[in-house]
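Please read the structure below before turning to the comments.
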Amino acid sequence: MNERFKTALSHRLFWPVAVLVVMLAANTIYRPGFLAVEVNNGHLYGTPIDILRLSAPLILVALGMTLVISTGGIDLSVGSICAISGAIACLHISQAADQNNPVTVFTALAMALGAALALGAWNGVLVSVIGIQPIIATLILMVAGRGLAQLVTEGQIITINSGPYRAIGLGHFLTLPLAIFIALGAALLVAALTRRTALGMIIESVGGNREASRLAGIRSGRMVFLVYVVSAVCAAIAGFMMTANVSSADGNNAGLWVELDAILAVVIGGTSLAGGRFYLSGTILGALIIQTLTTTVYAMNISPQTALLFKAVVVIAVCLIQAPAFRARLARRRRGNPPPSAPTPQRQKEEVTA
Amino acid sequence: MSTTSLTAGPRWARLPRRHVPVLVTLALLLVMYGVGVSQYRAFSNVQVIFNVFIDNGFLLVVAVGMTFVILTGGIDLSVGSVVAMTAMVSAWLLQSGLPAPLVLVIALLIGPTLGFLMGCAIHFFEIQPFIVTLAGMFFARGMCTFISGASIPITDGFWTTMSQYRIGDPRGNFVSVSVLIAFAVVLVAAYVLAYTRLGRNVYAIGGNPQSALLMGLPLGRTRIAVYTISGLCSAIGGILLSFYTLSGAPLIAIGMELDVIAAVVIGGTVLTGGAGYIFGTVLGVLVLGVIQTLITFDGSLNSWWTKIVIGGLLFAFILFQRLIGIRYK
């Protein structure tokens, strides 16, 4: 019994799941109707469904971020890419004569995806070809991207009235919101591509040691380039959802701080910022935890900005639990014997910090 | 500008490679100023330069703190939020009737305390600075709205005096008290980095933490110290901002950390640590300020061009540092 408990405790998804369950339980105690789901008009409605629907963009962004982080990089520009792609799509739709025409919507999506591909390629070239530190390379686009998004929208909030586009964020399919399926589809696609082929292992090996992977015959540079493009595409789709949710594109506020939430989701999911390992299931759990936290805070009538306080507490708690040094300290205190020196090589710190 | 002599002055003739980024920034600044003067007649007015300092005094102070952190190879994302929190707390305490000196002390203690705690978390638990300061950023921003969801005006006599007092010559050119405070911070920081043990340790740790540790330098103490310094600078920046705006607003200084990091990088400090000067950071802040002034003077360009230009400059400088071969992973 004790052994089994220990195995469960040491599973990498134990803590994220525990946090999620505790949060859901606390919510249910606070508000008994929290978990209730009802069928209305052939669609499922309820807080859990809302959490799933609202977490869809974050899951998408976090998926791309997981791949980037597993190569030892980081992508700060996803929020700006969300804003730019949403702005381009909404601009194209708003200029069309018939906003409900599916062709218009598809053209708009294609244009925005094209722009996202270009931006992702820009990030990828900066990191893999020119060799700039990822955090800085993507910082450039994070700063300039907001400006570009405002340039596209000309500083205005573009509102559109397009049924098909709205469906991306609010539509339903098989009684569930369409956004959930899009996020799920993307997650399954990424999972299949990385875990059913050698791609995932190659990405992890590049994250572990780029030079060694190159010498082993992996095109490291190309892999690094690829993950930034994938991250940008994920961010663009998330951008469509965000703008579709409100049927308008705001260059300033669309996707604001989503990069931080995404990094948080990845870290909560157990993926180390040092790279070399990634856990897609953990990332999805992390995104759900963050969205549940946000919804909880809203439900308790606390202002969204104050929600950041709770986020700070969760970040620190999760990071402390996952930090080898903290675990070692805790274990020493519990057992009273000296722990094996925490294996945190200097390389990690040098590559990831700053 | 006595900071010039601290950094680039005496070795000017030899032009060592590590001074090149700062000199390029200086050249860029002069070119931009020259463009401004040639395009707009009013630009040559001395007050334009003074206004750049008045408008960016708090940014300068915060950037100085960030320079310390970046020199050790770390990063501090919490600065913008700490600035806002300091301004917010002072406005709130003044509103509830505390005397100004006490409020100043309390407000100046918050930043360093938070910085110290973050430094401890970074050093003792070996969590990435990025994540720890991200949590600090969330915490400070959350505290702002926790105090009040709306902006709190400051009517205290000391604050209004500091805000409105003008130090100037008879021709009407003036600077505010904040500018002098910012200069004082810059001078002290430049002295500490160039001539004290702490400063040497900061450069050594940024160059290579492992060698620094093997040399017997106090790695942990220095690392915690730089985050505390950054917290203190943010707190001073917050006070200056509250002098400038005479209020505490929960959403002020959002995204300021990016401006600050951009200023430090444009000023020639290398983000992996170990190379850079306070004087360069001053130039970086000035470059940002002059860009804003140019865009304001032009009138036809919109405010978002500022962001695009800053992004472009960041790119150019990073590329440049890479080309001249300064260590840049």
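See the values below:
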{"read-out": "Members of region A:116-175 found to be within 14 Å of chain B (Cβ to nearest Cβ) and of a type in the set (D, E, K, R), listed by number", "value": "A:ARG146, A:GLU154"}
{"read-out": "Unmet criterion (only one of (1) within 10 Å of chain A (Cβ to nearest Cβ); (2) closer than 29 Å to B:LEU219 by Cα; (3) of a type outside the set (A, V, I, L, M); (4) surrounded by fewer than 16 Cβ atoms within 10 Å (Cβ to Cβ)) for B:GLY149", "value": "(2)"}
{"read-out": "All positions within region A:161-213 that are over 30 Å from A:VAL39 (Cβ atoms), polar (S, T, N, Q) and crowded, with 19+ Cβ neighbours inside 10 Å", "value": "A:THR194, A:SER205, A:SER213"}
{"read-out": "Check on B:VAL82, free of Cβ contacts under 8 Å to residues at least 24 places away in the same chain, within 14 Å of another protein chain (Cβ to nearest Cβ) and part of a helix (DSSP H, G or I)", "value": "no"}
{"read-out": "Among (1) within 14 Å of chain B (Cβ to nearest Cβ); (2) of a type outside the set (Phe, Trp, Tyr); (3) surrounded by 24 or more Cβ atoms within 10 Å (Cβ to Cβ) - the single one A:THR243 does not satisfy", "value": "(1)"}
{"read-out": "Leading residue by the ranking (nearest to the chain's Cα centre (by Cα)) among those in region B:109-152 that are farther than 27 Å from B:LEU271 by Cα and part of a helix (DSSP H, G or I)", "value": "B:LEU109"}
{"read-out": "Restricting region B:251-263 to residues that are under 9 Å from the mean Cα position of the chain (by Cα) and away from chain A (no Cβ under 11 Å), the residue that is surrounded by the most Cβ atoms within 10 Å (Cβ to Cβ)", "value": "B:VAL260"}
{"read-out": "Conditions (1) over 19 Å from the mean Cα position of the chain (by Cα); (2) at negative phi: number failed by A:LEU58", "value": "(1)"}
{"read-out": "Which listed residue, of B:SER178, B:SER234, is modelled with pLDDT of 90 or more, crowded, with 22+ Cβ neighbours inside 10 Å and either outside any helix (DSSP H, G or I) or of a type in the set (Ser, Thr, Tyr) (or both)", "value": "B:SER234"}
{"read-out": "B:GLY172 being more than 24 Å from B:LEU94 (Cα to Cα) and more than 23 Å from the chain's Cα centre (by Cα)", "value": "yes"}
{"read-out": "Region A:38-87, subset farther than 17 Å from A:VAL267 by Cβ and among the hydroxyl-bearing types (Ser, Thr, Tyr), residue modelled with the lowest pLDDT", "value": "A:TYR45"}
{"read-out": "Checking A:GLN99 against (1) crowded, with 24+ Cβ neighbours inside 10 Å; (2) touching a residue at least 40 places away in the same chain (Cβ under 8 Å), the condition it does not meet", "value": "(1)"}
{"read-out": "Which listed residue, of B:GLY280, B:GLY289, is modelled with pLDDT of 90 or more, part of a helix (DSSP H, G or I) and over 21 Å from B:VAL188 (Cα atoms)", "value": "B:GLY289"}
{"read-out": "Tabulated pairs, region A:303-318, first within 8 Å of another protein chain (Cβ to nearest Cβ) and β-branched (Val, Ile, Thr), second surrounded by fewer than 22 Cβ atoms within 10 Å (Cβ to Cβ) and part of a helix (DSSP H, G or I), C-beta under 7 angstrom, 6+ apart or interchain", "value": "A:THR306/B:THR145; A:THR306/B:PHE146"}
{"read-out": "Filter result (under 19 Å from B:PRO153 (Cα atoms) and of a type in the set (Gly, Ala, Ser)) within region B:196-250", "value": "B:ALA235, B:GLY237, B:GLY238, B:SER242, B:SER247, B:GLY248, B:ALA249"}
{"read-out": "Single residue of B:GLY248, B:GLY273 found to be more than 11 Å from chain A (Cβ to nearest Cβ) and over 14 Å from the mean Cα position of the chain (by Cα)", "value": "B:GLY248"}
{"read-out": "Evaluation of B:GLY299 against (1) away from chain A (no Cβ under 11 Å); (2) without any contact (Cβ under 8 Å) to a residue 12 or more places away in the chain; (3) buried (at least 19 other Cβ atoms within 10 Å of the Cβ) (one fails), failing number", "value": "(3)"}
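Residue-wise test of (1) surrounded by 22 or more Cβ atoms within 10 Å (Cβ to Cβ); (2) aliphatic (A, V, I, L, M).
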{"site": "B:VAL202", "(1), (2)": "yes, yes"}
{"site": "B:THR222", "(1), (2)": "yes, no"}
{"site": "B:ILE239", "(1), (2)": "yes, yes"}
{"site": "B:ALA249", "(1), (2)": "no, yes"}
{"site": "B:LEU283", "(1), (2)": "yes, yes"}
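The values are calculated or read from the model by the stated rules, or taken from the named source; none is laboratory data. Worth saying up front: this structure is predicted, and the values here are computed from it rather than measured. Because the Cβ atoms are built from the backbone with ideal geometry, glycine has one as well, and the counts that use them run over all protein chains shown.
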